[in-house]
1. Condition first: at pLDDT 85 or above, part of a helix (DSSP H, G or I) and within 26 Å of Glu62 (Cβ to Cβ). Now tell me which residues in segment 89-133 satisfy that.
2. Return only the number of the condition from (1) assigned to a strand (DSSP E or B); (2) in contact (Cβ under 8 Å) with a residue 40 or more places away in the chain; (3) touching a Ser or Thr at 6+ places or on another chain (Cβ under 7 Å) that Asn75 does not satisfy.
3. Quick one: which residue in Glu74, Glu62 is closer than 27 Å to Glu20 by Cβ and surrounded by fewer than 16 Cβ atoms within 10 Å (Cβ to Cβ)?
4. Within the set of pairs 6 or more residues apart or between chains, which connect a residue that is closer than 27 Å to Pro42 by Cβ inside segment 80-105 to a residue that is exposed (fewer than 12 other Cβ atoms within 10 Å of the Cβ) and not aromatic (Phe, Trp, Tyr) with Cβ atoms less than 7 Å apart?
5. Cβ-Cβ under 7 Å, sequence separation 6+ or interchain: first residue in segment 32-59 and loosely packed, with under 15 Cβ neighbours inside 10 Å, partner among the small types (Gly, Ala, Ser). Which pairs?
Amino acid sequence: MSWSDRFQTPTSHDLTSALEPESAEIVSGLLGKLDEAGLAQPRIEWMGLPWRWTLVCQPADEATAPVYVVCDPENPRVATRVETPVLESLPAKKFQRPVREALAVGRQVGSSLWVEWSLESAACADDMVNLVEIRSSAKSDG
């Protein structure tokens, strides 16, 4: 399995083709929308357990946290870091329930919250794009 073989670097296609067709479509849509939102084309990095080979989409502003797309065939998910001031300004009701739950239980590291959620639907993927746009807007306002 290309996702978990530490010694064989997969391609983006290898990672997405190992997903269920619906999940692959959600991931492809997410990557396209992240590209439209100004994030770089994903690079593939070994992130260790539990993420293994992961698609990393870096914003143009290198100081802003990347978006990690974890192509786990059993549970594709997405993750990023959100600064506390941005987190406090988020309109929580705007997000899907799995995303609101992820925001509630994220891991606090310094002044940031690490959030991760399953890509259960296109709406959950769209929520990551919304979060990226809110985060970007907050940086340009501040």
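1. Val99, Ala102, Leu103, Ala125, Asp126, Asp127, Met128, Val129, Asn130, Leu131, Val132, Glu133
2. The one condition Asn75 does not meet is (1).
3. Working: Glu62 fails: closer than 27 Å to Glu20 by Cβ.
When all the criteria are applied, what remains is Glu74.
4. Qualifying pairs under 7 Å: Glu83/Ser111; Thr84/Ser111; Arg100/Ala92; Leu103/Ala92.
5. Correct list of pairs: Gly38/Ala60.
The values are calculated or read from the model by the stated rules, or taken from the named source; none is laboratory data. None of these values were measured; they are calculated from a predicted model. Here the Cβ is made from the backbone with ideal geometry for all residues, glycine too, and neighbour counts use every protein chain on show.
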